[in-house]
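The values are calculated or read from the model by the stated rules, or taken from the named source; none is laboratory data. These numbers come from a predicted model, not from an experiment. Using ideal geometry, Cβ is built from the backbone for each residue, glycine included, and neighbour counts are taken over all protein chains shown.
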Amino acid sequence: MQRTGKKYFIYPDPSRNQVYVGGPKEYETYVQLHPENRVADAGEAEMAASAYRMKQADAMQKATARDLSDPFLGVSWADLGW
């Protein structure tokens, strides 16, 4: 989190029902003690977001192709009661 130009890190401790707040020095200490809870850096986060967007784009292309193959989605004029 960034506030007034300063970076703050917030780390939960569910076992003690507490939340810790600190700056970059405290975060480095926290990562050394708990490497499994390390926050992904910007590069890793962007790669994950990119992979997610590609997956969504593929799903949308398949849905669009399906909808274009049957634009009335199985409904005919007779089904409309005209």
Note on segment 1-17: residues within 18 Å of Glu36 (Cβ to Cβ) and without any contact (Cβ under 8 Å) to a residue 24 or more places away in the chain are Ile10, Pro12, Asp13, Pro14, Ser15, Arg16
If you go through segment 32-44 one residue at a time, do you hit one that is modelled with pLDDT of 80 or more and not in a helix (DSSP H, G or I)?
-> no
Could we say that Ala63 is modelled with pLDDT of 75 or more and surrounded by fewer than 10 Cβ atoms within 10 Å (Cβ to Cβ) here?
-> no
